[in-house]
Amino acid sequence: MMRKLLFFLLFINVFSLTAQDHCASDKENLREQHSDSEFDEGIQLLNALSAEFEFDQSSASVRDGFKEVTIPVVVHVLYREEENNISYEQIQSQIDVLNRDFNAENGDLDKIPEVFRALATSAQIRFRLADKDQYGNFTKGVTRTLTTVENIGTENLYHQSTRGGRDPWPQVHYMNVWVCELEGNTLGFAILPGSKMSERDGIVMSPRAFGTLGTAKEPYNLGRTFVHEVGHYLGLRHLWGSDDESCSSTDYISDTPTQLKENFGCKPFPTYSCLGQPNGDMFMNYMDYGNDSCMYLFTQRQVDLMHLVMKTNRSALFHSEGFTGIVAERNLSELKIYPNPSEGIFHVEFGEQTPSKIELVNMLGDVVYSYSPTSKIELINVPELPPGIYSLITPSQINQIVIR
Ligand SMILES: [Zn+2]
């Protein structure tokens, strides 16, 4: 009973401390550590690795041995309302920001205060929507799922197809991203790369902080919340360490000043929070909480730690099977279904390539209809099917349809 009570108090404490946070990574990783002891052990090992790194300044070996890598990304769009079924262009706008900022190609580097400017460094990590799915089929790297679950990201169901979410693609080979509703002010979170991978591994983002157009809303419409979350995905912590509001907790990074807590908005330079830091907080670092327009850099040591994590807990991404390398096929347009919802009579438009087969699968997993299309637009006529949500599956895509 006492243990239960302690756990409950700890949980309440975690929630109250992070209630205002727009990044829920600390909260969600703690939740996962409490529910999965192996994941918890893996995080302890990651912390030990990071602590060793913090005090080992001879990291030239980490830096020199790093070969530029491109990480395959799959974005799972989970939507209750059509407006959150974000466009491919919005998704690509986010990937573009990621590539720019992770490689220090952002045009606002000159806004970094001079005392910090020399620390800004390219991570030599690139990202691309996957060309090939887990079965070797061509893909655009985007899945779309109609769901009925409110705040599915916060409800911890986003990664389960059987409960209204979408199963991840193999997490060792792909960076899985779910763009879906999150409760309250939460803009996103990422599961940390512990040495035991969580079944929830990946990044969860609110549509209002993803990409630079469509549903993205000021001041989080420049794609930098996601840059922050990918920092977590590759092992970085918040600049202020844990949420204990003390100057003694660490982010394991020796070239970021010690900082008391998060900075919101756009702070004036210098802004001080802990004694002994002559230049004050590095509030313009991606791992703080500033507005998108006021965050510009990762430091050399942050990049070094991400490289260390890439070489250890995320090393499979170096030889991922997420790409075919057949770039010419990457512009294949997405499959269109209309009307949707329908009464069982609808068109399917395949874009450039007609698939060999389409199947309709009900929520129980039964194939209720199968057909080999012969033209680029097909009329599907199944008014006899009972109302409900079905998956329309081709060898390269899965789409949700609703029959009324
Ligand atoms: Zn964060």
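The values are calculated or read from the model by the stated rules, or taken from the named source; none is laboratory data. Just so it is clear, the model here is predicted, and its values are computed rather than measured. Reconstructed Cβ throughout: ideal geometry from the backbone, glycine too, with neighbour counts over all protein chains shown. These accessible areas exclude ligands, DNA and RNA; they are computed on the full protein's heavy atoms, side chains included. Shrake-Rupley method; radii C 1.70, N 1.55, O 1.52, S 1.80 Å.
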So, with points 7 Å from each Cα along the Cβ direction, the Ala316-Glu349 label distance in nm works out to 3.8 nm
Quick shape check on the chain: root eigenvalues a ≥ b ≥ c of the Cα gyration tensor, a/c under 1.5 is rounded, otherwise prolate if a/b tops b/c, else oblate, and it reads prolate
Taking 0.36 nm per residue of separation between Ala48 and Glu199 and subtracting their Cα-Cα distance, the length gained on full extension comes to 52.2 nm
The set of residues whose placed amide H lies less than 5 Å from the amide H of Val142, leaving out same-chain residues fewer than 5 positions away, is Val75
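Quick one: grab the alpha carbon gyration tensor of segment 20-140, order the square roots of its eigenvalues as a ≥ b ≥ c, and give me rounded if a/c is under 1.5, else prolate or oblate depending on whether a/b is larger than b/c. Walk me through the intermediate numbers first.
Working: a/c = 1.56, a/b = 1.17, b/c = 1.33.
It is oblate, given that a/c is not under 1.5 and a/b is not larger than b/c.
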Scalar couplings 3J(HN,Hα) for segment 158-164 by Karplus 6.51 cos²θ - 1.76 cosθ + 1.60 (θ = phi - 60°), nearest whole Hz, x for Gly and Pro, are 4, 9, 10, 4, 6, 10, x
Counting only residues 5 or more apart in sequence or on a different chain, those whose built amide H sits under 5 Å from that of Tyr272 are Asp281
Among segment 189-216, those whose backbone N falls under 19 Å of a label point 7 Å along Cα→Cβ from Ser87 are 207-216
Residue by residue through segment 176-184, the couplings from Karplus 6.51 cos²θ - 1.76 cosθ + 1.60 with θ = phi - 60°, in Hz, x for Gly and Pro, are 8, 10, 10, 9, 7, 5, 10, 6, x
Highest mean packing first, using Cβ neighbours within 10 angstrom, the peptides 105-114, 259-268 sort as 259-268, 105-114
For Cys23, other-chain or 5+-apart residues with amide H closer than 5 Å (H placed, Pro excluded) are Leu187
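Checking the a/c ratio against 1.5 first, then a/b against b/c, what shape does the Cα gyration tensor give for segment 332-403?
Working: a/c = 1.72, a/b = 1.45, b/c = 1.19.
Note, shape of segment 332-403 comes out prolate.
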Whole-percent carbon and sulfur contribution to the accessible surface of segment 21-319 (1.4 Å, no ligands, DNA or RNA) stands at 48 percent
Carbon and sulfur atoms account, in whole percent of the 1.4 Å probe accessible area of segment 332-403, for 55 percent
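Would you mind checking the pairs Lys27/Lys261; Lys140/Lys336; Lys196/Lys311; Lys27/Lys267; Lys196/Lys261 and listing those with alpha carbons more than 18 angstrom apart? Spell out each step's value before the answer.
Details: Lys27/Lys261 15 Å; Lys140/Lys336 14 Å; Lys196/Lys311 15 Å; Lys27/Lys267 25 Å; Lys196/Lys261 29 Å.
Those over the limit are Lys27/Lys267; Lys196/Lys261.
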Mean Cβ-within-10 Å packing, highest first, puts peptides 32-41, 226-235, 121-130 in the order 226-235, 121-130, 32-41
Ranked by GNM mean-square fluctuation in the chain (Cα springs under 10 Å), the top entry among Asn285, Asn137, Asn221 is Asn137
Reduced to Cα centres, the span from segment 70-90 to segment 133-152 in Å works out to 8 Å
Whole-Hz Karplus couplings 3J(HN,Hα) for segment 283-289, θ = phi - 60° and coefficients 6.51, -1.76, 1.60, Gly and Pro as x, run 5, 8, 7, 4, 8, 9, 10
